[in-house]
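First the structure, in the form of structure tokens, and then the observations on it.
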Amino acid sequence: MGFSLSDQKAKIISVFLVFVLALGIAICGLVNAIAAPLKGNPEIMGMWETLPMPPPENRMQSVHTIVLPNGKVLMVNGSSFRSLLVKENGEDQFTQFTEGVDVKNYDVVNNTGLLDPETGKVERIPSPPAIQHGTTNDLFCVGHVQLANGNVLFVGGTGRYYPGGAFTGTKQLNLYDWKTGKWKDLGEMKEGRWYPSLISLNDGKVVILSGLKWGSPNQINPSIEIYDPKTEKLSYFDPTTIKNSPFNTKVENGDVYDSIDLYPRVFPLADGRLLLTGDEAGIAGVLVPHSSKKSYLMSIKEDATGKLSISFEVGPDRAETSKAYGTALQVPNSEDVLLLGGIIGTNSIAFGRGCNTSGFPGAKVVASLQHWVSPANSGEKNGKWEIFPDFLKTPRANLQAVILPTKEILVVNGGEYPEYLPVYEPLLMTPDATAAAGYKTQSLERAKLPRLYHNGAVLLPDARVLVLGGNANRAAREKDGTVHVNVIGDQTSFFKFAKLHNKLGEPEEFDLNTFYQDPQHYFVENDKQPFVPAEIWQGEIFSPPYLFKSGPRPEIVKATEELNYGQSGSISVKNATEKGSLVLVKLGSVTHSFDFGQRLADLAVEKVTLGDESAIDFKVSISPNLYPPGYYMMFYLNDVGKPSHAKMVKLGA
């Protein structure tokens with residue numbers, strides 16, 4: 001039988017398709033062969049582990065997360081941003097969500113714990129009293145930083161919840177003694193502070209900025225106070241009366257004066273000044289300009305009598321206006337500053353919930369990196385700002401940036417919106433002078449649990465990274481202390497219990513164990529994204545790729561427990577190499593996407609004597625302005641960047 005021309009064409013086409021299909025299979029096989037080693041390969045992607053779920057009596061999120069000199073992690077939550085569930089008219093079912101909880105009730109604010117990273121266990125410990133000096137003492141939304149002796153100073157907190165998401169701040173000063181586990185009452189400030197920032201100075205004093213006032217909901221406290229741990233006294237300043245302060249500087253193209261918003265991102269500089277970046281973690285309803293691109297330099301002087309004074313200079317303009325809930329950090333071993341992600345145009349955490357952005361004209365979450373280049377690196381007296389708009393690839397709010405011993409930066413947690421669309425993949429920023437913004441980036445192994453508002457991330461002494469917490473919404477508390485997390489927002493009733501279904505669309509009641517086994521299990525009607533509970537109670541730990549590099553891990557065998565500025569010293573290291581490095585990393589103290597503690601400094605390695613226990617001679621040639629006195633983790637890194645476990649050292653004058 002002969003073949004027609006159409007038959008011949010069909011045969012040619014079929015042969016061609018078979019060839020293309022075979023080639024495609026071969027290429028896909030090659031791609032899979034290349035990709036397969038990446039997925040699940042900890043040397044490239046790192047590795048996550050989930051901590052044990054605490055028993056019910058110890059379950060809490062961690063709004064304020066602090067690494068202590070003994071290696072344990074202090075978890076402080078206070079009233080924890082919850083609402084009260086009430087029953088009406090003798091009904092058996094809950095019929096009403098009342099905004100806020102009674103912070104005068106000790107059971108409501110008594111949410112403090114210690115986490116042991118080695119065992120993963122959480123131990124509940126007592127909180128300070130709910131009433132102190134005749135007023136409330138709730139440690140929710142405090143400011144905190146470690147003092148030179150390792151004790152943790154807590155400033156302010158929640159004075160009262162008001163309808164509509166309004167708050168006041170307390171005047172309280174609380175101290176946590178890490179050696180005894182006891183709390184100490186340090187008295188009161190002149191005004192309340194809710195969402196304040198704390199910055200340590202070279203002599204151990206602490207500068208306290210911003211926060212909401214006591215007695216007046218959502219009113220920013222413009223004053224600045226400086227706490228002296230030696231005298232336990234405060235110095236008070238009113239920046240509204242000082243030239244060139246934000247409160248006396250008009251924003252660009254406007255007749256509006258600038259401000260220092262809540263939880264301002266502030267950093268110390270080598271010359272002793274403080275850089276006020278303009279970014280923050282404010283809340284809706286606080287009247288501050290969202291169009292400001294200003295930054296400021298603040299100076300602190302002390303005369304012969306010990307009296308302090310402050311002054312301001314207007315710094316260079318940023319390329320973006322003020323951002324809320326982006327993260328910020330000081331570049332390792334530098335005074336340069338990075339601002340990453342955040343929300344432009346609003347400081348409302350409700351922005352984008354359910355992907356709904358109506359009512360927020362011009363607002364957006366950004367993927368940018370802004371870089372303040374220091375005077376030493378820019379040649380400009382007050383530095384200069386650069387911007388890289390799409391650095392993160394994905395817009396991200398409520399993210400964290402953890403400085404690693406390798407000088408890499410691990411970006412974790414957060415979402416494409418503050419309380420919606422969690423981002424699970426960490427982003428590793430590796431210094432590279434040839435890359436955009438000086439960093440090349442790589443996505444790492446995906447985390448298990450969503451971490452939105454009120455999440456935390458800190459570097460541990462074993463060089464792993466602990467992540468905790470996360471609010472997708474406000475949990476609801478019964479009067480007996482029972483907490484419900486299956487809550488969603490509702491326009492008519494404030495909040496309501498979520499009606500959930502599984503992936504097949506079948507209705508299901510919320511079960512806590514089911515969620516933690518499969519965080520993608522539940523869905524809310526008309527929402528394609530998995531349901532995220534109001535609070536996340538289980539921690540995770542991420543081991544970065546450097547822990548899986550080939551070869552033995554170096555270990556510090558002997559090291560001094562105290563160091564002084566300008567001092568020379570020596571440590572003994574097992575598995576050391578001819579080329580290695582020695583760094584100090586200050587202990588983390590994180591809340592609301594900002595770590596008030598972490599910084600990294602190189603120690604100058606002067607001599608290496610190799611042996612079974614190698615001697616590493618070094619010098620502490622770092623500035624106390626940039627690296628204030630206190631406890632640091634000392635890491636030794638070998639020639640391939642594999643870090644040791646840290647030795648805790650106390651750095652002093």
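Along each principal axis, taking the top coordinate minus the bottom one, the Cα set of region 199-264 gives 44, 28, 20 Å in descending order.
Taken over the alpha carbons of region 438-501 as equal point scatterers, the Debye sum produces base-10 log I(q)/I(0) values at 0.29 Å⁻¹ of -1.28.
Contact order normalised by length for region 433-518, with contacts defined as Cα pairs under 8 Å and 6 or more residues apart; what percent is it?
About 14 percent, as a whole number.
Here the scattering of region 279-387 is modelled by Debye summation over its C-alpha atoms, one equal scatterer each and no solvent; at q = 0.10, 0.11, 0.22 Å⁻¹ the log10 of I(q)/I(0) is -0.38, -0.45, -1.18. Computed about its Cα centre, the charge dipole of region 308-400 is approximately 420 debye, with only Lys, Arg, Asp and Glu carrying charge at their Cβ. What you get for region 163-209, charging only the Cβ of Lys and Arg (+1) and of Asp and Glu (-1), is a dipole of about 80 debye around the Cα centre.
How long are the three semi-axes of the equivalent ellipsoid of region 149-267, in whole Å, if each is the root of 5 times an eigenvalue of the C-alpha gyration tensor, listed from largest down?
Values: eigenvalues 142, 69, 25 Å².
In descending order the semi-axes read 27, 19, 11 Å.
The string of couplings for region 226-243 from the Karplus curve (6.51, -1.76, 1.60, θ = phi - 60°) is 10, 9, 10, x, 5, 9, 6, 10, 10, 9, 10, 9, 10, x, 5, 9, 10, 4 Hz, one whole number per residue in order, with x for Gly and Pro. Beyond 14 Å, what percent of the Cα pairs of region 316-380 remain? In whole percent, the long-distance tail amounts to 61. In this structure, the amide hydrogen of Gln132, modeled 1.01 Å from its nitrogen in the peptide plane, lies closer than 5 angstrom to those of Asn137, counting only residues at least 5 positions away or on a different chain. Using only the C-alpha atoms, the convex hull of region 119-215 corresponds to 128 Å³ per residue. For the chain, the 222 nm mean residue ellipticity estimated from helices alone, with every DSSP H stretch of n ≥ 4 adding -39500 (n - 2.57) and the total spread over all residues, rounds to -2000 deg cm²/dmol. Each residue of region 631-647 was assigned a 3J(HN,Hα) from its phi angle through the Karplus curve 6.51 cos²θ - 1.76 cosθ + 1.60 (θ = phi - 60°); the sequence is 8, 10, 8, 9, 10, 9, 10, 7, 5, 9, x, 8, x, 6, 5, 7, 9 Hz, with glycine and proline shown as x.
Would you kindly work out the equivalent ellipsoid of region 51-143 from its C-alpha gyration tensor and give its semi-axes, the square roots of five times the eigenvalues, largest first in whole Å? Kindly include the intermediate steps, with their values, before the conclusion.
Working: eigenvalues 157, 65, 19 Å².
One finds semi-axes of 28, 18, 10 Å for region 51-143.
Stokes-Einstein diffusion coefficient for the chain at 10 °C in a medium of 1.306 mPa s, Rh from the Kirkwood formula over Cα pairs: what value in µm²/s? After rounding, the answer is 61 µm²/s.
The orientation-averaged projected area of the convex hull spanned by the Cα atoms of region 251-304 comes to 5.1 nm². Net charge dipole, the chain: roughly 600 debye, given to the nearest 20, about the Cα centre with Cβ charges of +1 for Lys and Arg and -1 for Asp and Glu. A viscosity of 1.002 mPa s and a temperature of 20 °C, combined with the Kirkwood radius over Cα pairs in Stokes-Einstein, give a translational diffusion coefficient for region 216-355 of 132 µm²/s. When every Cα-Cα distance of region 465-563 is counted in 5 angstrom steps from zero, the calculated P(r) takes the values 2, 10, 15, 17, 13, 10, 7, 5, 6, 7, 5, 3, 0 percent.
Projected area of region 386-542, taken from the Cα convex hull and averaged over every viewing direction, in nm²?
Numbers: hull surface 47.6 nm².
Averaged projected area of region 386-542's Cα convex hull equals 11.9 nm².
Residues whose amide H lies under 5 Å from that of Lys440, counting only those 5 or more places away or on a different chain, are Thr430, Asp432; hydrogens are built 1.01 Å from N in the peptide plane. Shown in residue order for region 580-597 are the 3J(HN,Hα) couplings computed by the Karplus curve 6.51 cos²θ - 1.76 cosθ + 1.60 at θ = phi - 60°: x, 9, 9, 10, 10, 10, 5, 5, x, 8, 10, 7, 6, 6, 9, 9, 7, x Hz (x for Gly and Pro). Dipole of region 91-249 computed with +1 at Lys/Arg Cβ and -1 at Asp/Glu Cβ about the Cα centre; of Leu115, Gly164, Gly192, farthest Cα towards the positive end is Gly192.
Bear in mind these aren't lab numbers, they're just calculated from the coordinates by the rules spelled out. Here the structure is a predicted model, which means the values were calculated and not measured. We place every Cβ from the backbone using ideal geometry, glycine too, and count neighbours over all the protein chains shown.
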